[in-house]
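I have placed the structure first, in the form of structure tokens, so that the comments after it can refer back to it.
The values are calculated or read from the model by the stated rules, or taken from the named source; none is laboratory data. Because the structure is a prediction, the values reported are computed rather than measured. Don't worry about glycine lacking a Cβ; one is built from the backbone with ideal geometry, like all the others, and counts go over all protein chains shown. Side chains included, ligands, DNA and RNA excluded: accessible areas come from the protein's heavy atoms. Shrake-Rupley method; radii C 1.70, N 1.55, O 1.52, S 1.80 Å.
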Amino acid sequence: MNLLSLSKHYLLQNRLNTFLNVLLLGLGVGVIVFLMLVQYQLEDKFRKDVKGIKMVIGAKGSPLQIILCSVYHIDNPTGNIPLAEAQQIANDKRLVKKAIPLALGDNYQNYRIVGTDASLPAHYEAKLSKGSMFEKAMEVTLGAKVAQETGLKIGDTFNSSHGLQQEEGMDLSHEGHSFKVVGILKPSFSILDKLILTAVPSFWLVHASHEEEEENHPEEDSLHHTASSVWQMPSEGKEITAMLITEYQNPMAAMNLPRQVSQIGVLQAASPAMELNRLFEQIGIGQQIASVFGFILIGIAVLSTFIALYNALKARRYDLAVMRNLGASRLKLFGMMLLEASLLAFLGALVGLSLGHLAVEVAGWQASVQEKVYLTGAIFLVEELWLGALVLGVGVLAALLPAWQSYHTEVADILAKGE
Amino acid sequence: MFEIAALKHQYQHQEVLNIPEWKVSKADACLLLGNSGSGKTTLLHILAGIRVPSSGKVWVNHTLLSELSEAKRDQFRAKNIGLIFQKPHLIASLNVSQNLVLAQYLAGIPQDKKLCQRILEDLGLGDKPKAYPHQLSQGQLQRVSVARAVLNQPALLIADEPTASLDDESAAQVIQLLKAQAQKWEATLLIATHDQRVKQHFTHIKNLNHTFSDESTQS
């Protein structure tokens, strides 16, 4: 027998009350833990994917849309940009040291086919699992998840569909131009896992009009065989979707480049860092509202704990008097009340943490089914320890008044009344 | 044993207790008679160190209570004084055995479940250690409270109205039980009651109605 087992017996005696208090506290903590874990993982994911990309240049439109489309591949392009103008930027040795071309517009089983060059997988430090990196037009290297989900293997061929997502009931496949799988990447846990990479000229080939095809354009043959940089190719009549600037020539270029881009009529520069901050600010408002909801739940639970302990104290006045009579000091009774509240808070925090992690795991499973984002409940943040400590703290705080009253229990008066 | 000298106690400037002198020896059994409001319970509380008298001195087992701090008095009471109330109040969330062990824990003495069981058997409750208070009859509850009071082998065993609301036979049984337990543990027994039926079991009787006196002088 000790104070802990005594508190445990009291809590068990009032099972329903204890259960409800723990549940209420657990729900509050769970909501906050859920938000913390999701926010952390989304931000982490977003920041990983944007890694090292200083600027994105695309067609005029929403800068956020340019970022979401070109970096995260979750939105549509704002349009295409002439290759000539993109080359003008990429080849400006005063400003740009490294630029990655992007050409979007097709998909295979909802996985985006991205026309680019070897610098994109290199930027994400992607490693080959099988085969080789695409070199010629119509060769593709698959992201790890694409290979796993589509079952495509080295040597397989497929036709792409027009658009960034497969339209239900519509056949928009490009017949006559088959892509050939030449390589599969190892999982990189970046956006690359969900992309099909190919050379930019593949797009020009696939999207060339039938008339152009029939003319047996001499250039097409060269496209099939070239591995030269997009920035050096003949640009006449050609377009890409966007370009990622991953290295400036000098720090000043960060300021000068957007100015230069804005002078070229159809181009727009977007800074991932700025757009992400703006996005997180917007998401943050929703998160703040949900967090407030979570804290309100915790507040209600703490109030409920206070009421439960206060009522329990009234019901247990004679118990406390008897315990004093049996030798319990005032301090011991004070400690017992605090311990009970701490136990409630501890259980609430434990339930909340478990619920929060479980909910994230379920949400992660749902999200992975819908191919949106990867979330897992199997991570633990230091902030959760702080949250647990906070809950314990307010739990103890809620018990202070009942504990103080138990401290001042007048044994003689209570025993004399014989309640 | 206990000894009282020049004890006075007041409630809101009204004197409720005035005992010039009283000494009860070790293992003696005495009865304190008095009507409601005569100050019996107040005297018991003062003897138990629960209440501090307005003036005067009280020694229990050779210890002057007024010299002890409140915390020390709590510990002294736990080890030296066993208290039995009119209502045998047990902690409802604990079973019989746990209620007894609690008394040992709060007194700061080693928890001895075997001793608890021996005492329960002695009081005819050998099969009830796992029973919860709500599963026991009133008589069984009273016996558990006696077991709890004698468990720490106190020098002074105090009972406040232990026979109230009991029939004659049960009242006689409780008194015999208390006397037997006090004798067994060589404790001084003091019973406070207004129940005249109890008188026949005692030779040392004090009356607290109006003034503190020997029962023989009142009757």
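Within the span defined as the stretch A:328-346, one or more residues are within 14 Å of chain B (Cβ to nearest Cβ) and not in a helix (DSSP H, G or I).
Rundown of residues vs (1) surrounded by 17 or more Cβ atoms within 10 Å (Cβ to Cβ); (2) aromatic (Phe, Trp, Tyr); (3) farther than 18 Å from residue A:272 by Cβ; (4) modelled with pLDDT of 85 or more, yes/no style:
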{"site": "A:203", "(1), (2), (3), (4)": "yes, yes, yes, yes"}
{"site": "A:217", "(1), (2), (3), (4)": "no, no, yes, no"}
{"site": "A:222", "(1), (2), (3), (4)": "no, no, yes, no"}
{"site": "A:231", "(1), (2), (3), (4)": "yes, yes, yes, yes"}
{"site": "A:236", "(1), (2), (3), (4)": "no, no, yes, no"}
{"site": "A:252", "(1), (2), (3), (4)": "no, no, yes, yes"}
{"site": "A:257", "(1), (2), (3), (4)": "yes, no, no, yes"}
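Being closer than 25 Å to residue A:3 by Cβ, among the aromatic types (Phe, Trp, Tyr) and open to solvent by 40 Å² or more (accessible area, probe 1.4 Å): is that true of residue A:346 here? For residue A:346, the condition - closer than 25 Å to residue A:3 by Cβ, among the aromatic types (Phe, Trp, Tyr) and open to solvent by 40 Å² or more (accessible area, probe 1.4 Å) - is met. Can you tell me which residue in the stretch B:152-174 is surrounded by the fewest Cβ atoms within 10 Å (Cβ to Cβ), limited to those that are among the aliphatic types (A, V, I, L, M) and at pLDDT below 90? Within the stretch B:152-174, the match that is surrounded by the fewest Cβ atoms within 10 Å (Cβ to Cβ) is B:164. Pairs are defined by a Cβ separation below 6 Å, a sequence spacing of at least 6 or placement on different chains, a first member in the stretch A:1-15 that is more than 7 Å from chain B (Cβ to nearest Cβ), and a second member that is in a helix (DSSP H, G or I) and of a type in the set (Ser, Thr, Tyr); the pairs so defined are A:11/A:18. For the stretch B:76-94, filtered to residues that are polar (S, T, N, Q) and at the interface with chain A (Cβ under 9 Å from one of its Cβ atoms), the residue that is farthest from the chain's Cα centre (by Cα) is B:93.
In the set B:127, B:112, B:122, only one residue is of a type in the set (Asp, Glu) and within 14 Å of chain A (Cβ to nearest Cβ); that residue is B:112. Go through (1) surrounded by fewer than 20 Cβ atoms within 10 Å (Cβ to Cβ); (2) within 21 Å of the chain's Cα centre (by Cα) one by one and return the number of the condition residue B:119 breaks. Among (1) surrounded by fewer than 20 Cβ atoms within 10 Å (Cβ to Cβ); (2) within 21 Å of the chain's Cα centre (by Cα), the lone unmet condition for residue B:119 is (1). For the stretch A:78-111, which residues satisfy the criterion of being β-branched (Val, Ile, Thr) and in contact with a helix residue (DSSP H, G or I) (Cβ under 8 Å, 6 or more places away or on another chain)? Result: A:78, A:89, A:96, A:100. Exactly one residue out of A:36, A:55 is surrounded by 18 or more Cβ atoms within 10 Å (Cβ to Cβ), more than 30 Å from residue A:301 (Cα to Cα) and modelled with pLDDT of 85 or more, and it is A:55. Can you say whether residue A:377 is within 30 Å of residue A:45 (Cβ to Cβ), outside any helix (DSSP H, G or I) and touching a residue at least 12 places away in the same chain (Cβ under 8 Å), as far as the supplied structure shows? Yes. Here the stretch B:96-107 is the region considered, the condition is being more than 15 Å from residue A:318 (Cβ to Cβ) and open to solvent by less than 10 Å² (accessible area, probe 1.4 Å), and the residue that is farthest from the other protein chains (Cβ to nearest Cβ) is B:96.
This table checks each residue for (1) assigned to a strand (DSSP E or B); (2) of a type outside the set (A, V, I, L, M, F, W, C).
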{"position": "B:20", "(1), (2)": "yes, yes"}
{"position": "B:32", "(1), (2)": "yes, no"}
{"position": "B:49", "(1), (2)": "no, yes"}
{"position": "B:103", "(1), (2)": "no, no"}
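Given the condition of a type in the set (Lys, Arg), surrounded by fewer than 22 Cβ atoms within 10 Å (Cβ to Cβ) and away from every other protein chain (no Cβ under 14 Å), answer yes or no: does some residue in the stretch A:58-74 qualify? Yes, that holds for at least one residue.
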